[in-house]
Amino acid sequence: MKVPSSVVPYIQVAPLALVLLVFFGIPLVTVVVVSFFDYVNFQTVPAFMFYNYEEVFSSGLTVTLYLTMLKYSVIVWLITLIVGFTVSYFLVFHVRSLLWKIFFFLVCTVPFWTSNIIRMISWIPVLGRNGLVNQTLMGLGLIDEPLDFLLFSDFSVIVAYVHLFTLFMVVTLFNSMARIDPAILEAAVDAGASRWQVITQVVIPLTKTGIALGSIFVVTLVMGDFFVVKIMSGGQSSSAVYAMWNEIAMLQYPSAAASAVILLLVVVLMAAAILRVVDVRKELSG
Amino acid sequence: MAQTGGIELANLTKRFGDTLAIDSVSMTVPPGTYCCLLGPSGCGKTTLLRMIAGHDEPTAGDVRIDGQSVLGLPPAERGTAMMFQSYALFPHLTCLDNVAFNLKVRGVAKAARRKQAHEMLDRVQMDGFADRVPAELSGGQQQRIALARSLITNPKVLLLDEPLSALDEFLRLQMRGNLRQMQNEFGITFVHVTHTQMEAIAVADLVVVMDHGQIDQADRARAVYDTPRTTYVARFIGGQNVLSGKVVAVENGAAILDDARGNRFTVPTGDTAPGTGETRYLSIRRDRIEMEKLADPSAARDGTVNSVVGKVWMTEYQGTWVKVNITLPDGEEFVANIDDGRFFANPVHEGDMVLARWPAESVHPLEHRESSFDTSRGGMHT
């Protein structure tokens with residue numbers, strides 16, 4: 001059978017397009033449609049109204065939730081960026097042998113060998129009132145009574161996020177840094193650039209793509225988080241997704257759908273903002 | 001203007017772990033010299049360059065520029081500038097910003113550094129490309145940008161790491177001339193690393209032949225080509241036939257040698273007094289060889305001194321001369337470059353037995369030193 005060559009590319013993308021359509025496109029459209037529906041008691045009623053959105057926007061809780069998540073996103077983004085940058089820089093420019101590079105990279109992925117939940121829960125015995133950190137500090141005589149801010153606080157939430165998401169920064173930054181010819185760094189030194197100037201004038205501009213992609217990963221993961229914030233804050237903080245889950249539990253599907261659409265828009269806007277700063281397409285084609 | 005940029009290396013040594021990359025090298029490059037470091041890959045020439053530049057620190061010894069030790073100084077404070085083999089242009093910057101980079105990190109104001117960069121681009125005939133990025137340029141153009149970037153800080157010494165190796169043959173010859181011209185124009189010292197014999201001989205005032213982290217010979221280009229010091233240099237530079245034999249007698253300042261093939265050679269003894277039975281080495285330039293076809297190869301040799309007999313296995317026409325490859329009875333190769341007029345007046349063909357001979361005054365004595373490097377790869381086959 002002879003297939004016209006103009007059709008071949010479409011056949012090649014068909015499987016992925018189909019999967020995306022069925023498991024992403026249709027559900028998304030459904031959510032958007034349902035977000036305009038009405039609900040009476042525990043029944044969803046087809047309609048076209050903006051009540052769900054009005055409800056979300058008029059609730060002070062929504063604003064608080066988004067501000068909290070935004071705060072977490074920014075802090076976690078900054079920390080993962082700094083940690084990711086230094087780790088990748090070390091791996092790319094200081095580890096000479098390929099074997100050691102692979103070894104250290106594997107070490108970075110070790111946390112991923114267990115599930116997210118276990119990795120998170122394991123912070124509790126470390127950070128708790130009678131946990132490892134408090135006992136060590138007290139044993140050393142540095143503090144008289146346990147530090148309470150360590151667990152079930154913003155601090156523990158951020159620790160868990162950083163632990164869970166740093167690798168996404170490391171991988172994307174490593175990828176773009178590894179493509180820098182080390183001679184370029186030497187050329188900068190030869191030109192009289194200080195260590196700091198080499199980083200700001202050469203390395204950072206050349207890893208923009210990695211920074212942008214890693215940032216999108218981290219920011220969207222934090223914004224879309226459901227359980228880390230709940231568990232690590234001991235129920236004190238909540239996330240937008242957790243609020244949705246509550247609504248779903250009460251069978252208020254249209255209301256949850258409206259929240260989902262808003263969250264989606266917020267995340268898409270954040271990603272768009274990042275991509276506005278860095279033209280990833282141009283970088284990837286070059 | 002008194003020229004600056006003299007380089008002195010004193011017992012310079014570099015180890016990488018257990019490997020001795022540079023073995024106590026001492027050398028002087030006078031100011032304003034075009035110096036070529038020549039040797040096969042792995043001979044340490046790039047390491048030597050990087051130690052002058054300050055990108056590698058020596059294990060022992062000293063690097064002095066204009067009499068001042070520069071050990072421990074960062075590259076920019078040595079008065080050197082390096083041009084990297086890959087050019088190492090900043091891919092995210094325009095040509096103008098690439099050239100101005102050195103001024104930028106030194107805190108020169110934007111307007112001033114742009115003006116200077118434009119002038120420098122003009123000097124390498126690249127001002128029309130100021131707003132392009134390196135990826136949009138050809139290899140030769142990239143190289144000129146790299147050159148401009150290195151020269152903008154007025155270095156005393158420009159260090160070039162295999163500057164021509166990434167270019168095609170035509171551009172290589174053109175850029176070779178350009179480099180020499182730039183060096184004349186700027187009047188600074190150039191140190192140029194290459195593994196191409198022709199390149200070194202064509203551009204350099206001072207050719208430094210290296211092997212295994214040591215200098216075998218540092219001399220004017222003509223001296224390195226015409227009077228190599230050792231068998232290694234003769235073979236590596238090429239253009240020479242290297243022979244050896246055992247001393248049977250010494251007469252009138254010349255030793256008479258017999259080789260295992262039954263040939264007899266003479267070689268000037270110079271200041272040395274060789275003892276009978278000692279092995280001596282000599283070279284004869286390929287273009288000093290006379291050749292004649294032997295009508296009857298089985299006829300007894302008439303005892304002609306300074307000659308060999310062999311079979312022609314290949315002739316190659318080179319334009320002004322013909323390269324005749326001759327195999328000696330023991331399989332050794334011997335090459336005669338015969339002027340094309342003389343060759344075609346009396347041609348030989350593959351399979352012919354020939355007598356190749358040379359005048360006694362064309363013989364040059366060599367010190368014996370071999371390299372574990374495969375020198376048969378090297379050599380200008382001229």
Can you return the lysines within cross-link range of A:LYS230? Criterion is Cα-Cα under 22 Å, with same-chain partners fewer than 8 residues away left out. A:LYS71
At A:ARG96 and A:MET138, where each label point lies 7 Å from the Cα along Cα→Cβ, what is the point-to-point distance in nanometres? 4.9 nm
Most to least packed among A:96-102, A:261-267, B:159-165 [average Cβ atoms within 10 Å]: B:159-165, A:261-267, A:96-102
Which cross-chain or sequence-distant (5 or more) residues have an amide H under 5 Å from the amide H of B:SER26, H modelled 1.01 Å from N in plane? B:ASN11, B:LEU12
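What is the dipole size for segment B:89-227, taken about its Cα centre, with +1 at each Lys and Arg Cβ and -1 at each Asp and Glu Cβ, in debye to the nearest 20?
Roughly 780 debye for segment B:89-227.
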Using 0.36 nm per residue, how much length does the chain from B:SER138 to B:HIS118 gain when fully extended, once their Cα-Cα distance is taken away? 5.3 nm
Considering amide H positions built from the backbone, and no H for Pro or chain starts, which residues 5 or more places from B:LEU159, or on another chain, come under 5 Å of its amide H? B:ALA81, B:MET82, B:MET83, B:VAL191
For segment A:59-285, what class follows from the C-alpha gyration tensor (a ≥ b ≥ c being the square roots of its eigenvalues): rounded when a/c is under 1.5, otherwise prolate if a/b is larger than b/c, else oblate? oblate
Amide H of B:GLU367 versus every other amide H placed in the peptide plane: which residues, excluding those fewer than 5 positions away on the same chain, fall under 5 Å? B:THR230, B:THR231
Which shape class, rounded, prolate or oblate, goes with segment B:29-174 when its Cα gyration tensor gives a ≥ b ≥ c as root eigenvalues, a/c under 1.5 marks rounded, and past that a/b bigger than b/c marks prolate? oblate
So the FRET efficiency between B:GLU185 and B:ASP226, C-beta based with R0 = 30 Å and rounded to 0.05, is 0.55
Span from the segment A:112-135 Cα centroid across to the segment B:53-92 one, whole angstrom: 50 Å
Most positive-pole-ward Cα, A:VAL159, A:VAL32, B:ILE326, against dipole of the protein assembly as shown from beta carbon charges: A:VAL32
Quick check on the protein assembly as shown: of the DSSP beta bridges with both residues there, what percent are antiparallel, nearest 5%? 75 percent
Using the Cα centre of segment B:218-300 as the reference point, and only Cβ charges (+1 on K/R, -1 on D/E), how large is the resulting charge dipole? Debye, rounded to the nearest 20. 300 debye
Of B:GLY262, B:SER244, B:MET198, which is farthest along the charge dipole of segment B:185-276 in the positive direction, counting Lys and Arg as +1 and Asp and Glu as -1 at C-beta? B:GLY262
Give me a single rounded figure for B:98-106: the average over its residues of other chain Cβ atoms within 10 Å of their Cβ. 4
Please list, in order along segment B:327-333, the HN-Hα scalar couplings obtained from phi with the Karplus expression 6.51 cos²θ - 1.76 cosθ + 1.60 (θ = phi - 60°), rounded to whole Hz, x for Gly and Pro. 9, 7, x, 8, x, 5, 9
Under the Karplus relation 6.51 cos²θ - 1.76 cosθ + 1.60, θ = phi - 60°, what is the ordered set of whole-Hz ³J(HN,Hα) values for segment A:66-79, x standing for Gly and Pro? 5, 5, 4, 5, 5, 4, 4, 4, 5, 5, 5, 4, 4, 5
Cα→Cβ-extended label distance, 7 Å offset, between B:MET198 and A:ARG195, nm: 4.7 nm
Would you work out the charge dipole size for segment B:1-150 about its Cα centre, treating the Cβ of every Lys and Arg as +1 and the Cβ of every Asp and Glu as -1, and quote it to the nearest 20 debye? 380 debye
Which order do the peptides A:39-45, B:203-209, B:152-158, B:181-187 come out in when sorted by mean C-beta neighbours inside 10 angstrom, highest first? B:203-209, B:152-158, B:181-187, A:39-45
Per-pair calculated FRET efficiency, R0 = 35 Å: A:LEU265 and A:ILE121 via Cβ, rounded to 0.05: 0.60
Table column - 3J(HN,Hα) (Hz), segment A:128-145, Karplus curve with 6.51, -1.76, 1.60, x for Gly and Pro: x, 4, 9, x, 4, 5, 4, 5, 5, 5, 6, x, 7, x, 7, 10, 8, 10
Mind giving me the nanometre distance, one decimal, between the label points for B:ALA295 and A:VAL3, set 7 Å out from Cα along Cα→Cβ? 7.9 nm
Beta bridge orientation in segment B:7-226: antiparallel %, DSSP, nearest 5: 55 percent
Under 13 Å from the Cα of A:LYS208, which aspartates and glutamates turn up, not counting those fewer than eight places away in the same chain? A:ASP279, A:GLU283
Name the shape class, rounded, prolate or oblate, that the alpha-carbon gyration tensor gives for segment B:15-70, where a ≥ b ≥ c are the square roots of its eigenvalues, rounded holds for a/c under 1.5, and otherwise prolate holds if a/b is larger than b/c and oblate otherwise. oblate
Between A:VAL277 and B:SER41, what FRET efficiency follows from the Cβ-Cβ distance if R0 is 35 Å, with the result rounded to 0.05? 0.20
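No value in this document is a laboratory result; all are computed from the given coordinates. Everything quoted here is computed from the prediction, not taken from an experiment. Cβ: placed from backbone, ideal geometry, glycine included. Neighbour counts: every protein chain shown.
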